[in-house]
Amino acid sequence: MKCATFHFHGELNFFLPRRHKHNPIEHPFDWRGSIKDMIESLGVPHAEIEWLVVNGVSVDFDYIMQDQDVVDVYAFPDEIDIEPKVALRPPFPGRPRFVLDTHLGRLAAYLRMMGFDTLYRNDYPDEELAEVSHNERRILLTRDTGLLKRSIVTYGYYVRNMNPQERLAEIVERFGLAAHVEPFKHCMKCNGLLHPVEKHAVVEQLPRNTAAHYDIFHQCSSCERVYWKGPHFEKMESLMNSVLNGHNHDE
Ligand SMILES: [Zn+2]
């Protein structure tokens with residue numbers, strides 16, 4: 001029987017059973033396996049891994065495990081002081097875009113509110129979530145580690161918090177969203193693009209008194225829902241500010 005030692009750093013301990021958290025794991029094996037498969041068999045999904053180091057050398061997911069290997073596994077935002085460094089995936093191209101697992105509806109609405117292109121349906125099958133993430137290069141947010149172990153998922157993240165507002169703060173922090181916020185860009189309901197619209201064009205759709213009190217309106221190009229800076233927006237804006245200020249405070 002061969003044996004390797006794994007050290008999981010930082011955020012990755014979240015995925016380990018209690019007895020393994022923050023402890024070296026001695027892992028016996030008698031099969032020829034990649035480092036990726038072996039790590040996932042210990043419970044940590046590849047999508048959460050930022051750097052892999054074997055015996056002091058940076059490697060990628062295809063590395064074949066050898067007897068007596070000592071493995072260090074790091075999550076974002078940990079850095080390694082090793083050259084050369086082997087990146088496990090290309091940096092995410094451009095503005096972050098998301099696809100969300102079925103139970104993250106509130107988070108989807110919040111991300112859209114802040115201007116992020118976010119796909120969400122309450123009936124997405126796992127396979128389709130993984131495919132959409134892969135084909136459209138979207139960051140998959142989920143509460144399902146199995147989904148993050150699917151090999152076609154390149155950009156993925158397990159949402160830790162349970163409360164929707166804390167989840168929003170968590171994602172803003174993790175993906176550096178504060179610099180990209182753009183309210184009134186995406187429809188909170190359907191993710192369609194919003195455009196400015198004249199009051200007279202939408203007055204029929206507005207609740208009583210709204211037309212009298214507001215002059216600036218945006219409309220969704222897909223579902224035609226109308227948005228304005230009323231009390232509902234003010235509530236959203238204060239949530240957005242508290243999330244962003246919390247973020248700035250940490251820096
Ligand atoms: Zn819409």
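The values are calculated or read from the model by the stated rules, or taken from the named source; none is laboratory data. Just so it is clear, the model here is predicted, and its values are computed rather than measured. Please note: Cβ atoms are built from the backbone with ideal geometry, for glycine as well, and neighbour counts cover all protein chains shown.
General remarks:
- Contact map, the stretch 9-21: residues that are touching a residue at least 12 places away in the same chain (Cβ under 8 Å) and closer than 15 Å to Glu40 by Cα paired with residues that are part of a helix (DSSP H, G or I) and hydroxyl-bearing (Ser, Thr, Tyr), Cβ distance under 7 Å, separation 6+ or inter-chain. Pairs shown: Phe15/Thr145.
- Test: residue in the stretch 101-111 that is in the same structural domain as Pro183 (by TED's automatic domain parsing), surrounded by 17 or more Cβ atoms within 10 Å (Cβ to Cβ), in a loop (DSSP other than H, G, I, E, B) and in contact with a His (Cβ under 7 Å, 6 or more places away or on another chain): no
- Flag for Arg95 being in contact (Cβ under 8 Å) with a residue 12 or more places away in the chain, charged (D, E, K, R), within 26 Å of Leu119 (Cβ to Cβ) and surrounded by fewer than 17 Cβ atoms within 10 Å (Cβ to Cβ): yes
- Residue in the stretch 198-221 that is assigned to a loop (DSSP other than H, G, I, E, B) and within 23 Å of Asp101 (Cβ to Cβ) present: no
- Considering the stretch 154-176, and only residues there that are assigned to a helix (DSSP H, G or I) and touching a strand residue (DSSP E or B) at 6+ places or on another chain (Cβ under 8 Å), the residue that is nearest to Gly10 (Cα to Cα) turns out to be Arg174.
- Near pairs, Cβ below 9 angstrom, 6+ apart or cross-chain, from the stretch 218-229 (farther than 9 Å from Gly192 by Cα and of a type outside the set (D, E, K, R)) to any residue that is near the ligand (Cβ under 7 Å from one of its atoms) and assigned to a strand (DSSP E or B): Val226/Cys220; Tyr227/Cys220
- When Thr154 is tested against (1) crowded, with 16+ Cβ neighbours inside 10 Å; (2) out of contact with any helix residue (DSSP H, G or I) (no Cβ under 7 Å at 6 or more places or on another chain); (3) at pLDDT 95 or above, exactly one condition is not met: (2).
Rundown of residues vs (1) under 19 Å from Thr118 (Cβ atoms); (2) of a type in the set (Val, Ile, Thr), yes/no style:
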{"site": "His186", "(1), (2)": "yes, no"}
{"site": "Lys189", "(1), (2)": "yes, no"}
{"site": "Val197", "(1), (2)": "no, yes"}
{"site": "Glu204", "(1), (2)": "no, no"}
{"site": "Asn209", "(1), (2)": "no, no"}
{"site": "Phe217", "(1), (2)": "no, no"}
{"site": "Pro231", "(1), (2)": "no, no"}
{"site": "Asn241", "(1), (2)": "no, no"}
{"site": "Gly246", "(1), (2)": "no, no"}
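- Of the candidates Cys220, Cys190, the single residue that is of a type in the set (A, V, I, L, M, F, W, C), within 16 Å of the ligand (Cβ to nearest atom) and either assigned by TED's automatic domain parsing to the domain that holds Lys36 or surrounded by fewer than 17 Cβ atoms within 10 Å (Cβ to Cβ) (or both) is Cys190.
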